[in-house]
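Below is one structure, written out as structure tokens; the observations come after it.
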Amino acid sequence: MSIITLTTDYGIKDHFVGAVKGKILTKIPKVQIIDISHSIDFYNIANASYVLYGAYKNFPEGTIHMVLVEAEMNDQKSFLLTKLNGHYFLTANNGTISLLADANDVLEIYDLHIPDFCANTVDLYNFIAESILKNTNLDTLGSKISYNDCELLVELRPNVADDENSIKAAVIYIDHYGNAVTNLTKQLFEKVRKNRKFIITAKRYRINRINEFYADFNTESKSLREYEGDMLFIFNDLDFLQMAIYKSDDENIGNPKSLLGVLYRDTVIIEFID
Amino acid sequence: MSIITLTTDYGIKDHFVGAVKGKILTKIPKVQIIDISHSIDFYNIANASYVLYGAYKNFPEGTIHMVLVEAEMNDQKSFLLTKLNGHYFLTANNGTISLLADANDVLEIYDLHIPDFCANTVDLYNFIAESILKNTNLDTLGSKISYNDCELLVELRPNVADDENSIKAAVIYIDHYGNAVTNLTKQLFEKVRKNRKFIITAKRYRINRINEFYADFNTESKSLREYEGDMLFIFNDLDFLQMAIYKSDDENIGNPKSLLGVLYRDTVIIEFID
Amino acid sequence: MSIITLTTDYGIKDHFVGAVKGKILTKIPKVQIIDISHSIDFYNIANASYVLYGAYKNFPEGTIHMVLVEAEMNDQKSFLLTKLNGHYFLTANNGTISLLADANDVLEIYDLHIPDFCANTVDLYNFIAESILKNTNLDTLGSKISYNDCELLVELRPNVADDENSIKAAVIYIDHYGNAVTNLTKQLFEKVRKNRKFIITAKRYRINRINEFYADFNTESKSLREYEGDMLFIFNDLDFLQMAIYKSDDENIGNPKSLLGVLYRDTVIIEFID
């Protein structure tokens with residue numbers, strides 16, 4: 001049974017998600033529909049890109065991932081089918097694919113032809129999904145374009161200083177636990193760091209270590225319980241540097257937003273010291 | 001594989017939805033359960049009616065739609081099976097079907113017999129669903145009644161003035177984006193309008209146009225970005241007139257509720273001018 | 001088709017749930033994944049235990065229930081497979097099973113061996129689930145231990161006074177409707193009560209009856225509508241004593257938390273009178 005995933009900012013309250021699922025099941029009956037998220041921040045393409053990047057690799061190859069964020073047919077100029085690592089992505093040409101791939105990846109991107117009978121984005125996605133599942137030659141579905149010809153989100157890339165003594169990162173996502181995820185990957189961090197010491201600055205907070213895991217504190221003089229509410233940096237499950245509060249929550253302990261005022265798009269500076 | 005959809009006000013936090021799904025899968029193993037919404041406003045039948053109306057037609061014929069809003073067996077006098085456009089609806093006799101159909105539709109409504117072994121609503125719905133899937137004669141499941149014999153929600157119908165120079169509509173739903181959906185359909189609007197000009201009044205706001213699509217603004221003197229936060233009216237995907245804020249959200253731009261104070265049940269007046 | 005349920009505090013916004021589902025579907029393609037809840041309060045094991053207890057019995061025997069609350073491999077010492085009433089539970093050894101069973105139940109608990117190739121909890125759960133579905137001898141998966149050897153949550157058990165004239169219960173869960181669920185079951189209440197009258201005290205509120213159903217009010221002198229907003233006690237669908245507000249909601253009527261200040265872990269005293 002084929003799998004189609006959904007990533008939207010439609011929320012879970014209205015009829016929108018049900019309507020999309022009904023349309024898919026009408027058109028492609030033998031499919032398993034899996035929700036990735038319907039709680040993408042409104043119109044936030046970076047957010048959608050990050051969440052999809054975090055989820056997609058765990059699915060079997062051949063999975064078709066539909067993204068409905070800033071993807072109204074009236075608002076968007078073009079729509080893309082991207083094939084990457086055996087997965088298929090259906091998105092508007094609006095930067096959603098920015099985090100999924102970079103120019104070095106082996107990928108195929110098609111700027112989709114929009115048939116007249118596709119009155120809206122879901123119709124188009126269903127038509128393309130059905131075509132993929134029928135092994136239609138993808139070249140018949142759109143015009144091949146290169147990664148750099150697509151709309152891309154600049155904000156998703158951190159800035160390395162020319163002297164390579166610092167990196168200017170930014171918060172690109174606030175997760176369910178209130179963690180502030182930056183756009184800095186462990187790979188880039190280690191490449192620029194070259195085993196040097198470092199200081200991370202976010203707002204007026206400075207810290208010179210990155211936890212290996214959440215409970216990675218010195219428990220000789222202080223119990224783990226006493227560290228609850230402390231700020232920490234950690235590479236998250238996707239290897240992005242993230243600012244967290246140990247045992248953060250909304251009501252008692254707090255989170256980076258409530259405790260430290262850290263918001264989406266805030267700057268995080270990493271300085272390296274010889 | 002048969003499809004059962006769920007529309008409830010149970011929320012997504014508790015065991016309630018899981019318990020319902022477990023019961024269905026125990027009774028009817030070969031079924032695909034699709035969530036329409038579990039975030040219907042508490043006890044809000046109009047809300048459930050609207051959301052189900054918006055979703056159901058997109059599913060394949062033969063789908064069984066279960067509604068668990070104001071449907072406690074202790075509180076409700078009777079329960080209905082409604083067959084409409086090839087779809088089956090299981091609801092309490094409490095007005096849920098008001099928006100799904102009107103007296104002119106071809107439909108079959110059964111006031112259900114409640115077998116003794118059905119201790120609660122889910123047991124009843126499962127028994128009926130199983131009977132439908134076994135092609136049981138529906139007449140054995142309840143007594144046929146007419147649409148006008150059912151409990152109906154008056155609030156879901158707009159009022160046309162006797163002189164047909166105005167319509168008094170009402171907000172029946174606030175969606176995920178904060179849009180205020182009224183009970184006025186495009187069909188009724190155009191029928192009464194007869195190509196006349198019009199003024200829409202909601203709270204202290206007056207506007208004399210309806211956008212064709214969200215971004216349908218005059219961009220000669222002002223960029224689209226500058227329209228963010230502006231109020232607009234539009235016929236939504238279900239052809240109901242809705243008040244919206246261009247690019248509305250909770251945090252930055254705002255929505256009709258936060259910006260204009262528009263609430264569920266507020267009045268919207270449309271006056272036609274010769 | 002086998003069923004796997006998920007109970008987590010991951011929320012529905014991030015990639016976490018999608019990633020788990022993708023991993024399961026990659027490893028065990030012919031499975032139906034059902035969400036019980038992803039909105040467990042952060043790190044709240046009692047909450048997870050209660051919600052799972054409420055849902056699991058409704059599923060068919062053979063269902064595998066995965067719990068991902070306080071279950072990080074770095075933080076937890078051990079993980080359990082519990083077999084009870086034909087159901088399989090995968091949890092950290094952190095008290096999650098406290099409410100599912102007690103020492104009198106017929107159950108099998110295995111302290112799981114963690115294979116080297118299981119880098120994280122989901123890998124471990126998938127490996128065990130796959131083994132169960134292949135009918136692997138459970139004794140090869142871990143070491144059998146007894147209920148009392150497991151970590152247990154003391155807070156989930158009410159205290160009966162030595163003279164059996166009172167019970168000290170506690171609020172263990174606040175549900176979607178704002179109901180405050182206590183840890184007192186109907187079974188224990190009736191056993192201690194021995195047909196005596198009683199007074200329930202919660203905060204500064206005292207009440208001497210328990211409703212049979214929500215709308216179980218005296219409607220001779222007052223209409224049901226006039227009871228909206230009144231406090232009541234009722235044994236809920238799981239037979240736990242719960243404090244409720246008739247027709248509670250967040251916006252208009254209010255709920256026990258907003259109206260009476262009742263919070264998680266608050267004490268509820270039941271006194272019996274001869």
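The values are calculated or read from the model by the stated rules, or taken from the named source; none is laboratory data. Keep in mind the model is a prediction, meaning the values are calculated, not measured. Reconstructed Cβ throughout: ideal geometry from the backbone, glycine too, with neighbour counts over all protein chains shown.
In the set (1) closer than 30 Å to C:Y264 by Cβ; (2) touching a residue at least 12 places away in the same chain (Cβ under 8 Å); (3) within 14 Å of chain C (Cβ to nearest Cβ), the condition left unmet by A:L238 is number (1). When B:P158 is tested against (1) surrounded by 18 or more Cβ atoms within 10 Å (Cβ to Cβ); (2) within 18 Å of B:T63 (Cα to Cα), exactly one condition is not met: (2). If you go through the range B:249-272 and keep only what is closer than 21 Å to B:I210 by Cβ and of a type in the set (S, T, Y), you end up with just B:T267. Of all residues in the range C:132-149, those satisfying the criterion of being surrounded by 11 or more Cβ atoms within 10 Å (Cβ to Cβ) and not in a loop (DSSP other than H, G, I, E, B) are C:I132, C:L133, C:L138, C:G142, C:S143, C:K144, C:I145, C:Y147, C:D149. Elements of the type strands (runs of 3 or more DSSP E) sitting completely within the range B:25-86 and holding at least 2 residues that are within 13 Å of chain A (Cβ to nearest Cβ): these cover B:31-37, B:64-68.
When C:I207 is tested against (1) within 14 Å of another protein chain (Cβ to nearest Cβ); (2) touching a residue at least 12 places away in the same chain (Cβ under 8 Å), only condition (1) is not met. Within 13 Å of chain A (Cβ to nearest Cβ) and more than 18 Å from the chain's Cα centre (by Cα): is that true of B:S2 in this structure? When the stated conditions are applied, B:S2 passes them. Within the range A:229-253, the residues that satisfy the criterion of being closer than 17 Å to C:V69 by Cβ, modelled with pLDDT under 90 and among the acidic types (D, E) are A:D249, A:D250, A:E251.
Per-residue answers, yes or no, for (1) farther than 14 Å from B:L90 by Cα; (2) polar (S, T, N, Q); (3) touching a Phe, Trp or Tyr at 6+ places or on another chain (Cβ under 9 Å):
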| site | (1), (2), (3) |
| --- | --- |
| B:L112 | no, no, yes |
| B:D116 | yes, no, no |
| B:T121 | no, yes, yes |
| B:N137 | yes, yes, no |
| B:I145 | yes, no, yes |
| B:V154 | yes, no, no |
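For the range A:1-10, how many residues are surrounded by fewer than 21 Cβ atoms within 10 Å (Cβ to Cβ) and in a strand (DSSP E or B)? Count: 2.
So that you can scan it fast, the table gives a plain yes or no per residue for (1) surrounded by fewer than 19 Cβ atoms within 10 Å (Cβ to Cβ); (2) in the same structural domain as B:G178 (by TED's automatic domain parsing); (3) within 19 Å of the chain's Cα centre (by Cα); (4) under 18 Å from B:V192 (Cα atoms):
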site	(1), (2), (3), (4)
B:K222	yes, yes, no, no
B:E226	yes, yes, no, no
B:D239	yes, yes, yes, yes
B:M243	no, yes, yes, no
B:N255	no, yes, no, no
B:L263	yes, yes, yes, no
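Just one of (1) surrounded by 15 or more Cβ atoms within 10 Å (Cβ to Cβ); (2) not in a helix (DSSP H, G or I) trips up A:I97, so point out which. Result: A:I97 fails condition (2) only.
Here's the yes/no breakdown for (1) among the charged types (D, E, K, R); (2) away from chain A (no Cβ under 14 Å):
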| residue | (1), (2) |
| --- | --- |
| B:L100 | no, no |
| B:E108 | yes, yes |
| B:T121 | no, yes |
| B:N135 | no, yes |
| B:T140 | no, yes |
| B:I145 | no, yes |
| B:D149 | yes, yes |
| B:L153 | no, yes |
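Here is the figure for the range B:183-205: residues that are closer than 17 Å to B:A161 by Cβ and among the charged types (D, E, K, R) total 6. Among the conditions (1) surrounded by 13 or more Cβ atoms within 10 Å (Cβ to Cβ); (2) touching a residue at least 40 places away in the same chain (Cβ under 8 Å); (3) out of contact with any Lys or Arg (no Cβ under 6 Å at 6 or more places or on another chain), the only one that B:V122 does not satisfy is (3).
Of the residues examined, B:F213 is not one that is surrounded by 15 or more Cβ atoms within 10 Å (Cβ to Cβ) and either touching a residue at least 12 places away in the same chain (Cβ under 8 Å) or under 26 Å from A:S39 (Cα atoms) (or both). Residues considered: A:K191, A:K197. Of these, the only one that is closer than 30 Å to A:T7 by Cβ and surrounded by fewer than 15 Cβ atoms within 10 Å (Cβ to Cβ) is A:K191. Just checking, does the range C:162-173 include any residue being within 14 Å of chain B (Cβ to nearest Cβ), surrounded by 11 or more Cβ atoms within 10 Å (Cβ to Cβ) and without any contact (Cβ under 8 Å) to a residue 40 or more places away in the chain? Among the residues of the range C:162-173, not one is within 14 Å of chain B (Cβ to nearest Cβ), surrounded by 11 or more Cβ atoms within 10 Å (Cβ to Cβ) and without any contact (Cβ under 8 Å) to a residue 40 or more places away in the chain, which makes the answer no.
For every residue, the table says whether it meets (1) among the β-branched types (V, I, T); (2) more than 30 Å from A:V181 (Cα to Cα); (3) not assigned by TED's automatic domain parsing to the domain that holds C:F117.
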position: C:T8; (1), (2), (3): yes, no, no
position: C:G22; (1), (2), (3): no, no, no
position: C:L81; (1), (2), (3): no, yes, no
position: C:N85; (1), (2), (3): no, yes, no
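Consider C:D35 carefully, then state whether it is charged (D, E, K, R) and buried (at least 23 other Cβ atoms within 10 Å of the Cβ). No.
The combined condition, being assigned by TED's automatic domain parsing to the domain that holds B:K144, touching a residue at least 24 places away in the same chain (Cβ under 8 Å) and not hydrophobic (A, V, I, L, M, F, W, C), is not fulfilled by B:N74. When the range A:65-103 is filtered for residues that are among the hydrophobic types (A, V, I, L, M, F, W, C) and more than 18 Å from A:I40 (Cβ to Cβ), the ones remaining, listed by number, are A:M73, A:L81, A:L84, A:A101, A:A103. Any residue in the range A:181-204 that is within 14 Å of another protein chain (Cβ to nearest Cβ) and of a type outside the set (A, V, I, L, M)? No, that holds for no residue. Taking A:K13 and the conditions (1) of a type in the set (K, R); (2) within 14 Å of chain C (Cβ to nearest Cβ); (3) part of a helix (DSSP H, G or I), which numbered condition does it fall short on, given that it satisfies the others? Going through the list (1) of a type in the set (K, R); (2) within 14 Å of chain C (Cβ to nearest Cβ); (3) part of a helix (DSSP H, G or I), A:K13 breaks only (3). Just for the range C:77-91: of the residues that are touching a residue at least 40 places away in the same chain (Cβ under 8 Å) and aliphatic (A, V, I, L, M), which one is surrounded by the most Cβ atoms within 10 Å (Cβ to Cβ)? Selected residue: C:L81. When restricted to residues that are at pLDDT below 90, within 10 Å of chain A (Cβ to nearest Cβ) and under 23 Å from B:I273 (Cβ atoms), the range B:210-227 contains 1. Within the range A:109-119, no residue satisfies the criterion of being free of Cβ contacts under 8 Å to residues at least 12 places away in the same chain and not in a loop (DSSP other than H, G, I, E, B).
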